[in-house]
Amino acid sequence: MKADEYRTMDRLAVRQRVHLLHSDPPDDVEASTLAYAPVSGNASVLDIGCGTGSFLARLARPQRNGRVLGLDISEAAVGSVTDRGIHAVRGDIHRLPLRDDAFDFVFARHMLDHVRAVPDALRECRRVLKPSGTFVAVVNDAGQAPLLSRLIARTVRAHGVTVPPDARPETDSGNLPGMIREVFGNVRVNSVPGSLVFPEAAPLTEFAVSLLHFYGVPADSPQYPAVCAALSQEIDRGFQQPGFVWRDRKGYSVSTATAR
Ligand SMILES: C[S@@+](CC[C@H](N)C(=O)[O-])C[C@H]1O[C@@H](n2cnc3c(N)ncnc32)[C@H](O)[C@@H]1O
């Protein structure tokens, strides 16, 4: 994982908002995840790589009495969850600080693409699941938002930065289900295709800037201000054409598996 990216939750919150507001068809990834993995009121839930805690907040409503726990390697994420009055611990999916057979549901949403040794991580998820518990993983399809990805890569290179090879995640909807089947002996894959649609420049620029870290330009790098300015200029130029709308492909999968 790029260690600094989650030092604050700000950029993650931008990306979450963009997907909520600019997807066609409309896409609430947390709601789709729960549609494929309905969690009953008494079920205990672990959310690994819990980020801002918005998903857990949906599960921690007063009518539930099952245990809900967030876990994240980022201190900011843990703080963001505990600020909501929800329990969270700092930890690494490769070595969960949790006992065996503890949860009815283990979620790993949009985080396995950050993980160094996915099979090890999956074995840890299985270890902490109760027998017959459900594991749920969400990852993006390969080649997410290809137009924007190309624009960012070109702009970054023009400023002398080498795009890191892991700007394209190694783990995606194509290869994760096979890894899950290896560990759990079963997997069910649900694909959620769509597009990102921007009728104006500002949210697209904000989204592009929120991704720069992955392209080798963190906010504290010397090239950051110039790259942001160049991206903004390039995006504004496109929107000068009357009626221009930016449409880019997105998609992810929600995979579920049962611990048997
Ligand atoms: C893209 S964010 C996703 C957050 C949230 N699950 C969501 O879908 O909005 C990835 C999260 O995984 C966390 N993370 C990355 N590597 C991790 C690891 N090895 N163990 C636990 N959490 C990790 C990051 O700190 C970050 O909060």
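Bear in mind these aren't lab numbers, they're just calculated from the coordinates by the rules spelled out. Keep in mind it's a predicted model, so treat the numbers as computed, not measured. Note: ideal-geometry Cβ built from the backbone for every residue, glycine included; neighbour counts use all protein chains shown.
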Next item on the list: For helix 201-210, report the angle its Cα long axis makes with the longest principal axis of the Cα atoms of the chain; keep it between 0 and 90° and round to the nearest 10°.
Entry: 60 degrees
Notebook entry, point to check: Considering amide H positions built from the backbone, and no H for Pro or chain starts, which residues 5 or more places from Val89, or on another chain, come under 5 Å of its amide H?
Noted result: Gly70, Leu71, Asp72
Item checked: Estimated vicinal HN-Hα couplings, Hz - the range 75-83 in sequence order (Karplus 6.51, -1.76, 1.60; Gly, Pro = x) -> 5, 4, 5, 4, x, 5, 6, 5, 4
Check: Fully extended, how many nm does the chain gain between Val197 and Arg123 (0.36 nm per residue separation, minus their Cα-Cα distance)?
Finding: 22.9 nm
Check: Put +1 on the Cβ of every Lys and Arg and -1 on every Asp and Glu Cβ in the chain; which of Ala202, Val128, Leu56 then has its Cα farthest towards the positive end of the dipole?
Finding: Val128
Checklist line | the chain - percent relative contact order, Cα under 8 Å, separation 6 or more | finding: 22 percent
Check: For the chain, what is the charge dipole size about the Cα centre, in debye to the nearest 20, if Lys and Arg each add +1 at the Cβ and Asp and Glu each add -1 at the Cβ?
Finding: 500 debye
Checklist line | Angle in degrees between helix 224-239 and the longest Cα principal axis of the chain, rounded to the nearest 10 | finding: 70 degrees
Notebook entry, point to check: How big is the C-alpha Rg of the range 99-157 next to the rule-of-thumb value 2.2 N^0.38 Å, as a ratio?
Noted result: 1.58
Item checked: For the range 3-258, convex hull volume per residue from C-alpha positions, Å³ -> 119 Å³
Next item on the list: Just report the Cα centroid separation between the range 35-91 and the range 214-260, whole Å.
Entry: 28 Å
Note to self: Let me make sure I get this right: for the range 169-260, a, b and c are the square roots of the gyration tensor eigenvalues over alpha carbons, sorted descending. Under 1.5 in a/c it's rounded, otherwise prolate if a/b > b/c, else oblate. Which is it?
What the structure shows: oblate
Notebook entry, point to check: Given charges of +1 on the Cβ of Lys and Arg and -1 on the Cβ of Asp and Glu, with all other atoms neutral, how large is the dipole of the range 202-260 about its Cα centre, in debye to the nearest 20?
Noted result: 400 debye
